[in-house]
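Here the structure comes first, spelled out in structure tokens, and everything after it is commentary.
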Amino acid sequence: MTENIDAAIDSELHKAKVKKPQPTIANPQVTRHIMKTFNLRAAKKLGQNFLIDAGIVQGIVDAAEAGPGDRILEIGPGIGTLTQGLAESGAQITAVELDKKLPAVLAETLAGYDNVTIVPGDILKVDIMELMGGKPFKVAANLPYYITTPILMTLLERHLPIEILVTMVQKEVALRMIAKPGSKIYGALSVAVQYYTEPEIAFDVPPRSFIPAPEVDSVVITCRVRKEPAVKVKDEKMFFRVVKAAFGQRRKTITNAMKGAGFLAEDIQQAFGKCGLDGGRRGETFSLEEFGHLADAMIK
Ligand code: SAM
């Protein structure tokens, strides 16, 4: 009996020893080698900047608190750099990639991982709820910068069961996401992100951490999704219509900006009368709570 167990252990140890070690993709030499082998050129129009720093990959994995039992949606796996780090954590990874050339590459670079599913497609078009089986999940991504805002808005507005979003974004976008009322960079993105989540900058990422190096600084930002939105409103659609109107013409007073966006002057006046806020202020000075009161007052 003992002999059998010993033999089984020996066999497993042997298998583990001969299993081909997976090279870490987050490394300049390995990345260049993969790109050369598959004749890849980073496509600028797809926002392709591949991570080459294993410390940054680990930082994202840690910020997402990724581990066994987690289900993670990755957007844009590229050649598998971040995907590998996430997969090493033991989590189940579903990665959506738009570039048609990459699934074949990923099949090789991630060959050693049976906890990764690559889904070819456009993250703005796939049915994310169906893809993730309707169960809670996390998002981790080094986002393509040309569509950062549409991706974030898609993920947030659909009320998906997301626990946390850990994304690499342009530093300037991250600062807008955390901006407070009264600041020049406070806008519709700040309100939406702060309405649904608690955003926090995790760490800075310099251009040299990518191939090719982007022309902008980057940061990893963590957005923990709130159980309930930051303010309770009667109608979320109205709330965001008012917010978008207010920032559509941000140099005007909120009253004029709302008129410009098609709200009736009479309705606006009545709403300000009801909520007690000053319609002569600019929208960029309104807090989330104030936008909430105004939106509620716009409902008859
Ligand atoms: N995750 C890789 C890394 O960290 O090295 C690559 C990140 S690169 C900044 C962005 C990736 O998103 C690219 O692989 C690009 O092809 C992909 N991508 C661009 N637009 C996309 C879309 N609409 N849907 C899914 N993936 C997209």
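The values are calculated or read from the model by the stated rules, or taken from the named source; none is laboratory data. All figures in this text were calculated on a predicted structure; none of them were measured in a lab. Cβ: placed from backbone, ideal geometry, glycine included. Neighbour counts: every protein chain shown. SASA here: full protein model, heavy atoms, side chains in, ligands and nucleic acids out. Shrake-Rupley method; radii C 1.70, N 1.55, O 1.52, S 1.80 Å.
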Inset, instruction - For Leu40, state whether it is within 9 Å of the ligand (Cβ to nearest atom) and at pLDDT 95 or above. - result: no
Inset, instruction - Read through the list (1) in contact with a Cys (Cβ under 8 Å, 6 or more places away or on another chain); (2) part of a helix (DSSP H, G or I), then give the number of the only condition that Thr167 fails. - result: (2)
Legend entry - Pair list, Cβ < 6 Å and 6+ apart or interchain, from the range 119-135 residues that are under 20 Å from Thr83 (Cβ atoms) to residues that are more than 9 Å from the ligand (Cβ to nearest atom) and open to solvent by 30 Å² or more (accessible area, probe 1.4 Å): Pro120/Pro103
Inset, instruction - Could you give me the residue pairs with C-beta distances under 9 Å whose first residue belongs to the range 41-65 and is in the same structural domain as Asn142 (by TED's automatic domain parsing), whose second residue is open to solvent by 60 Å² or more (accessible area, probe 1.4 Å) and among the basic types (Lys, Arg) wherever it lies, and which are 6+ apart or on separate chains? - result: Ala43/Lys101; Gln48/Arg41; Ile52/Arg32; Ile52/Arg208; Asp53/Arg208
Inset, instruction - Kindly indicate the residue of the range 135-156 that is surrounded by fewer than 20 Cβ atoms within 10 Å (Cβ to Cβ) and within 15 Å of the ligand (Cβ to nearest atom) and also farthest from the chain's Cα centre (by Cα) among those meeting that condition. - result: Tyr146
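Quick one: is Val231 touching a residue at least 60 places away in the same chain (Cβ under 8 Å) and within 16 Å of the ligand (Cβ to nearest atom)? First the steps, then the outcome.
Working: touching a residue at least 60 places away in the same chain (Cβ under 8 Å): yes; within 16 Å of the ligand (Cβ to nearest atom): no.
Answer is no for this residue.
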Inset, instruction - Output the residue which, of all residues in the range 157-174 that are in contact (Cβ under 8 Å) with a residue 24 or more places away in the chain and out of contact with any strand residue (DSSP E or B) (no Cβ under 7 Å at 6 or more places or on another chain), is surrounded by the most Cβ atoms within 10 Å (Cβ to Cβ). - result: Val173
